[in-house]
Amino acid sequence: MADITLCATILNVNDDEATRYLSTRTLTMAGYRVLEAATGEEALRLAEQERPDVVVLDVKLPDISGYEVCQRLRARPETASIAVMHTSATYVTPDKKVRGLEGGADAYLTEPFEGEELIATVRSLLRMRRAEQELRRRAEQLAETDRRKDLFLAMLAHELRNPLAAITTAVGILERRASVDPKDGRMISIIQRQTNHLARLVDDLLDVSRITRGKVELRRLRVDLRGVLEQVLTALHPLAESRHLKLESHLPSVPLWVEGDTTRLEQVFTNLLDNATKYTDAGGSIQVRAELSAAEDGSPGAVVRVKDTGIGIRADLLPAVFELFSQADESLERTRGGLGIGLTLVKNLVEMHGGRVEAHSDGPGRGSEFVVWLPLLPAATVSEQEVVLPALVKRRRHILLVEDNVDARQALQDLLETWGHRVEVAADGLRGLELAVQRTPELALVDIGLPGLDGYRVAEELRAKMGRGIRLVALTGYGGTDDQSRARQAGFDLHLVKPVKPDELSRLLSEL
């Protein structure tokens, strides 16, 4: 018990001098450092100054009751963790004990009590306090570890996205050449597919970290689910063809209006289709079917089925298929690839949209089916159905590109100049700021992680010097929700995460 009593401080609060003396002497002889108080206010002052380990607190005091003293100790962050033991010679009915314990006390002794009972109760409270302190220390260590992990992941994403951006942009330029040798064309397609795959892996890795910490927010809009599926099918069709897979779709003729985040819904079905192509051998088929399907309570919904003829899922793996790092291909050669996080993202994102997802398989070699159900909104009005997007107006622009990565800067400059834009380039924030003020470009593409003056500072300075006379686009490897908010606060009009596909960049430039 020596480790429990060593250096422990007890605050003994009682207005009866004789009782206070006996308790203090008992505690002192047991090896504790004892402080004394005769009133509630004095007890609060000593508790805040000395931070005792335990307060032995009489309920009946001349100024304020022990109940109120306990409540005020609990209300202050500095004293909230101090263990409190109520004592009383008069308030001994069960309801008084209940009031004391519910008010924050950790124990309750009725006077008169034996010295051994007092010491045993204090030791029990000290053990409890030591355990709480250890748990709090471990929680703080875990929080710090988690913070460092988030910082590492954000930095990792930034470092990976810079080379990916350079590769994506360079391939975009090669694709636009007038004449390309068929063999060169195949190599370009391979590079493009694998770069897109790497970019998805980086995004999934970061997203699963954000989702597990509850840091993903949906940008909800009225979305036609058919359009989302058509977009995903169009993007994944070349991948299916390259793997000699038959990709079929059966979509309804009527809109499927849902309230959702278009980007996140595309991520759900891209992951499901990517998995289907990954786990289906050449010659197989993948079928995507969407239809109306009411929930059990009769509320309207839409169900999307992604069915393949691939390797299937063992019955013992099926219940855990949506768990983090779960893999259908557990062979040593790991020919199918993947990190085992895609389906975890799918499940979480679908549930964030108020839906559910299920996995079905008749076993190895018999294919798999993933079924997503999402709640539907009421049918769109005529005005919503007749919305026509304006044609993109393409024109030459004067653009400032601020990017410290040499390859990414050169590739993006070449791409922009290929489109006919006039491009100024800078390798750091200070030079970018100088060029912007001297040359007054219409638009600035600014990296965030710049040497000297980071992208946020560049945006703030440009807004202060040029107002709204320049459009600012953050082009960065930092893609978290906090990063987007900070970019908007700094004055950016748009926040783009590397690597940006050339077609997407062209569209965005046309819309600005």
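The values are calculated or read from the model by the stated rules, or taken from the named source; none is laboratory data. Nothing here was measured: the structure is a model prediction, and the numbers come from that model. Reconstructed Cβ throughout: ideal geometry from the backbone, glycine too, with neighbour counts over all protein chains shown. These area figures cover heavy atoms from the full protein model, side chains too; ligands, DNA and RNA do not enter into them. Shrake-Rupley method; radii C 1.70, N 1.55, O 1.52, S 1.80 Å.
Assuming residue 107 fulfils every condition listed in (1) small (Gly, Ala, Ser); (2) more than 30 Å from residue 415 (Cα to Cα); (3) under 36 Å from the mean Cα position of the chain (by Cα) apart from one, which condition is it?
Only one criterion in (1) small (Gly, Ala, Ser); (2) more than 30 Å from residue 415 (Cα to Cα); (3) under 36 Å from the mean Cα position of the chain (by Cα) is unmet by residue 107, namely (3).
Could you check the range 277-299 and list, in sequence order, the residues that are buried (at least 16 other Cβ atoms within 10 Å of the Cβ) and under 18 Å from residue 373 (Cα atoms)? Don't jump to the end; show me each part of the working.
Within the range 277-299, the subset buried (at least 16 other Cβ atoms within 10 Å of the Cβ) is 277-280, 284-290.
Within the range 277-299, 287, 288, 289, 290 meet the criteria.
When the range 246-258 is examined, which residues are found to be crowded, with 19+ Cβ neighbours inside 10 Å and under 15 Å from residue 232 (Cβ atoms)?
Matches in the range 246-258: 247, 256, 258.
Restricting to the range 218-242, and then to whatever is β-branched (Val, Ile, Thr) and either assigned to a helix (DSSP H, G or I) or open to solvent by 60 Å² or more (accessible area, probe 1.4 Å) (or both), can you tell me which residue is nearest to residue 367 (Cα to Cα)? Don't jump to the end; show me each part of the working.
Applying the first criterion (β-branched (Val, Ile, Thr)) to the range 218-242 yields 223, 228, 232, 234.
Imposing the further condition that a residue be either assigned to a helix (DSSP H, G or I) or open to solvent by 60 Å² or more (accessible area, probe 1.4 Å) (or both) reduces the set to 228, 232, 234.
Values: 228: 24, 232: 21, 234: 23 Å.
In this case the residue turns out to be 232.
For the range 243-273, enumerate the residues that are touching a helix residue (DSSP H, G or I) at 6+ places or on another chain (Cβ under 7 Å) and assigned to a helix (DSSP H, G or I).
Once the filter is applied, which keeps residues that are touching a helix residue (DSSP H, G or I) at 6+ places or on another chain (Cβ under 7 Å) and assigned to a helix (DSSP H, G or I), the range 243-273 yields 262, 264, 265, 266, 267, 268, 269, 270, 271, 272, 273.
For the subset of the range 306-322 comprising residues that are assigned to a strand (DSSP E or B) and open to solvent by less than 80 Å² (accessible area, probe 1.4 Å), which member is nearest to residue 376 (Cα to Cα)?
Taking the range 306-322 and keeping what is assigned to a strand (DSSP E or B), we get 306-308.
Among the residues that remain, those that are also open to solvent by less than 80 Å² (accessible area, probe 1.4 Å) are: 306, 308.
Numbers: 306: 19, 308: 26 Å.
Here the residue is 306.
Among 69, 84, which is assigned to a strand (DSSP E or B) and not charged (D, E, K, R)? Spell out the reasoning first.
Values: 69 fails: assigned to a strand (DSSP E or B).
The match here is 84.
Starting from the range 219-234, keep only residues that are over 12 Å from residue 255 (Cα atoms), then list their pairs with residues that are small (Gly, Ala, Ser) whose Cβ atoms are within a distance under 7 Å, requiring at least 6 positions of separation or different chains.
Partner pairs satisfying both residue conditions: 220/260; 233/249.
Which condition number does residue 340 fail, the rest of (1) open to solvent by 40 Å² or more (accessible area, probe 1.4 Å); (2) modelled with pLDDT under 85 being met?
(1)
Within the range 158-167, is even one residue out of contact with any helix residue (DSSP H, G or I) (no Cβ under 9 Å at 6 or more places or on another chain), within 30 Å of residue 410 (Cα to Cα) and surrounded by 10 or more Cβ atoms within 10 Å (Cβ to Cβ)? Even if it seems obvious, please write down each step before you answer.
We begin by selecting, within the range 158-167, every residue out of contact with any helix residue (DSSP H, G or I) (no Cβ under 9 Å at 6 or more places or on another chain); these are 158-159.
Adding the requirement that they be within 30 Å of residue 410 (Cα to Cα) leaves 158-159.
Now narrow it down to the ones that are surrounded by 10 or more Cβ atoms within 10 Å (Cβ to Cβ): 158-159.
Looking for residues that are out of contact with any helix residue (DSSP H, G or I) (no Cβ under 9 Å at 6 or more places or on another chain), within 30 Å of residue 410 (Cα to Cα) and surrounded by 10 or more Cβ atoms within 10 Å (Cβ to Cβ), one finds at least one in the range 158-167, hence yes.
Could you list, in sequence order, the residues of the range 484-512 that are modelled with pLDDT of 80 or more and of a type in the set (D, E, K, R)?
The answer is 486, 488, 493, 498.
In this structure, does residue 430 turn out to be open to solvent by less than 10 Å² (accessible area, probe 1.4 Å) and over 19 Å from residue 486 (Cα atoms)?
Values: open to solvent by less than 10 Å² (accessible area, probe 1.4 Å): no; over 19 Å from residue 486 (Cα atoms): yes.
The answer is no for residue 430.
Among the residues of the range 478-512, count how many are of a type outside the set (Ser, Thr, Tyr) and not in a helix (DSSP H, G or I).
Restricting attention to the range 478-512, the residues satisfying the condition of being of a type outside the set (Ser, Thr, Tyr) are 479-480, 482-484, 486-505, 507-509, 511-512.
Checking which are not in a helix (DSSP H, G or I) leaves us with 479-480, 491-501, 512.
Qualifying residue count, the range 478-512: 14.
If residue 37 passes every condition in (1) touching a helix residue (DSSP H, G or I) at 6+ places or on another chain (Cβ under 7 Å); (2) in contact (Cβ under 8 Å) with a residue 40 or more places away in the chain; (3) not aromatic (Phe, Trp, Tyr) but one, which one does it miss?
With respect to (1) touching a helix residue (DSSP H, G or I) at 6+ places or on another chain (Cβ under 7 Å); (2) in contact (Cβ under 8 Å) with a residue 40 or more places away in the chain; (3) not aromatic (Phe, Trp, Tyr), residue 37 is out only on (2).
Would you point out the residue of the range 388-410, among those that are open to solvent by 20 Å² or more (accessible area, probe 1.4 Å) and within 17 Å of residue 161 (Cβ to Cβ), that is modelled with the lowest pLDDT?
Filtering first and then ranking leaves 407.
Can you say whether residue 20 is more than 18 Å from residue 114 (Cα to Cα), of a type outside the set (A, V, I, L, M) and touching a residue at least 12 places away in the same chain (Cβ under 8 Å), as far as the supplied structure shows? Spell out how you get there, then give the answer.
Numbers: more than 18 Å from residue 114 (Cα to Cα): no; of a type outside the set (A, V, I, L, M): yes; touching a residue at least 12 places away in the same chain (Cβ under 8 Å): yes.
Taking the combined requirement at face value, the residue does not satisfy it.
Can you name every residue in the range 490-502 that is free of Cβ contacts under 8 Å to residues at least 60 places away in the same chain and not hydrophobic (A, V, I, L, M, F, W, C)? Steps first, please.
Just the residues of the range 490-502 that are free of Cβ contacts under 8 Å to residues at least 60 places away in the same chain, to begin with: 490-496.
Hits for the range 490-502 are 491, 493, 495.
Output the number of residues of the range 66-123 satisfying the condition of being touching a Phe, Trp or Tyr at 6+ places or on another chain (Cβ under 8 Å), touching a residue at least 40 places away in the same chain (Cβ under 8 Å) and surrounded by fewer than 20 Cβ atoms within 10 Å (Cβ to Cβ). Before the answer, list the steps.
Going through the range 66-123, the residues touching a Phe, Trp or Tyr at 6+ places or on another chain (Cβ under 8 Å) turn out to be 85-88, 97, 99-101, 103, 122.
From the residues that got through so far, the ones that are touching a residue at least 40 places away in the same chain (Cβ under 8 Å) too are 85, 87, 100, 122.
Adding the requirement that they be surrounded by fewer than 20 Cβ atoms within 10 Å (Cβ to Cβ) leaves none.
Residues meeting the conditions: 0.
Out of the residues in the range 446-477 that are in a strand (DSSP E or B) and buried (at least 24 other Cβ atoms within 10 Å of the Cβ), which is modelled with the lowest pLDDT? Can you show your working first?
The initial filter retains those residues of the range 446-477 that are in a strand (DSSP E or B), namely 446, 471-476.
Checking which are buried (at least 24 other Cβ atoms within 10 Å of the Cβ) leaves us with 446, 472, 474-476.
Numbers: 446: 93, 472: 93, 474: 91, 475: 86, 476: 81.
So, considering only residues that are in a strand (DSSP E or B) and buried (at least 24 other Cβ atoms within 10 Å of the Cβ), the one modelled with the lowest pLDDT is 476.
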